[in-house]
Amino acid sequence: MIAILMSIFFAALFMLSSISKIVDFQDFQHAIKQFGIIANKKIIKISAYLFVTTELLISFSFIFFMSHWITYMSAIGIMLLFTAVLLKTIVEKKKITCYCFGKSKKQTNIHLAVARNTAIIMLLSATAILASSLHINVVVQLHIMIVVVLFSVITLICKEFLFERGGSILESHQ
């Protein structure tokens, strides 16, 4: 049961992250540029599409393939990549806005973002072990998908209309 709840949590987390980036796609591209790894605008745009698509695929994988190791390895891989980029900004002493969960007016507290990502990676690793024997009915999986998508959309609407533009309870700020 814990593995199912954690899989739903990860599906919602990656869904929320990807939809937030889609809603503020231009700003997400700007965030990629801030990290200083890619300079070419076309490659930045392609990278942005790849990140959003990967996060969406991971989200759906947590719903439909909860126990499959590729789901967990993909999620851990993208989180490691994000964490490595954040660590690069610490080494370079850059001040950035990561747009992890959409647009923000505040600079990201990089140390807190690294700690958050590390905690997510540890939770993913532990859940991968627990989920190795899960078998969920397809109808239940479809219901879970609907709930995850609705949760993500409602969260974004709340962020947009109830909180000041750029604020988010999910972001790590200084």
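Here the Karplus curve 6.51 cos²θ - 1.76 cosθ + 1.60, taken at θ = phi - 60°, turns the phi angles of region 32-43 into couplings of 4, 4, 4, 5, x, 9, 10, 10, 5, 4, 5, 5 Hz, with x standing for Gly and Pro. The amide H of Thr108, built 1.01 Å from its N in the peptide plane, has Ile96, Thr97, Cys98 as neighbours under 5 Å, considering only residues 5 or more places off or on other chains. With R₀ set to 25 Å, the beta-carbon distance separating Val23 from Trp69 gives a calculated FRET efficiency near 0.20.
With a cut-off of 10 Å between beta carbons, the residues surrounding Phe35 carry a summed charge of +2, where Lys and Arg count +1 and Asp and Glu -1. Rounded to 0.05, the FRET efficiency of the Asn40 and Ile146 pair, given R0 = 30 Å and the Cβ-Cβ distance, is 0.20.
All of the numbers you see were taken from the coordinates with simple rules; none came from a lab. Quick caveat: nothing in here was measured; it's all calculated off a predicted structure. A quick note on method: Cβ atoms are made from the backbone with ideal geometry, for glycine too, and the neighbour counts reach across all protein chains shown.
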